[in-house]
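In what follows, a single structure is set out as structure tokens and then discussed.
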Amino acid sequence: MLAEPLAAPAQKAEKVYRIGYLSSASPSPPSGLEPFRKRLRELGYVEGRNITIEARWADGDAARLPRLAHALVELIA
């Protein structure tokens, strides 16, 4: 008698959302990104599992914002 293992239904891969975060500040000292990450975790979003956050910082130089925003759009789109 031959037997085949029953195929388990494939698990549906969870969608990974990409979030672009742009700030005119610098990443140090801690910025508004940490409270944002905390709230996302509270809502069930976990970096590396179902979200990716792409952060860009202008380090206080507002003239850099348009270029950084454009790079984020290109990356996220």
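The values are calculated or read from the model by the stated rules, or taken from the named source; none is laboratory data. All of these numbers come straight from a predicted model, not from anything done at the bench. Positions of Cβ are generated from backbone atoms using ideal geometry, with glycine treated the same way; all protein chains shown enter the neighbour counts.
Observations on the structure shown:
- If the condition is being assigned to a strand (DSSP E or B), under 11 Å from Ile19 (Cβ atoms) and not acidic (Asp, Glu), then the stretch 45-77 contributes Ile51, Thr52, Ile53, Ala55.
- Residue check for Arg56: at pLDDT 95 or above and in contact with a strand residue (DSSP E or B) (Cβ under 9 Å, 6 or more places away or on another chain): no
One line per residue, one yes/no per condition, for (1) surrounded by 12 or more Cβ atoms within 10 Å (Cβ to Cβ); (2) modelled with pLDDT of 90 or more; (3) among the hydrophobic types (A, V, I, L, M, F, W, C):
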| residue | (1), (2), (3) |
| --- | --- |
| Pro5 | no, no, no |
| Ala8 | no, no, yes |
| Gly20 | yes, yes, no |
| Pro29 | no, no, no |
| Arg49 | no, yes, no |
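- Tally of residues being more than 11 Å from the chain's Cα centre (by Cα) and closer than 25 Å to Ala13 by Cβ across the stretch 37-50: 5
- Ala62 satisfies every condition listed in (1) surrounded by 10 or more Cβ atoms within 10 Å (Cβ to Cβ); (2) modelled with pLDDT of 90 or more except (1).
- Residue selected from the stretch 31-47 under the condition in contact with a strand residue (DSSP E or B) (Cβ under 7 Å, 6 or more places away or on another chain) and aliphatic (A, V, I, L, M), by the criterion surrounded by the fewest Cβ atoms within 10 Å (Cβ to Cβ): Leu33
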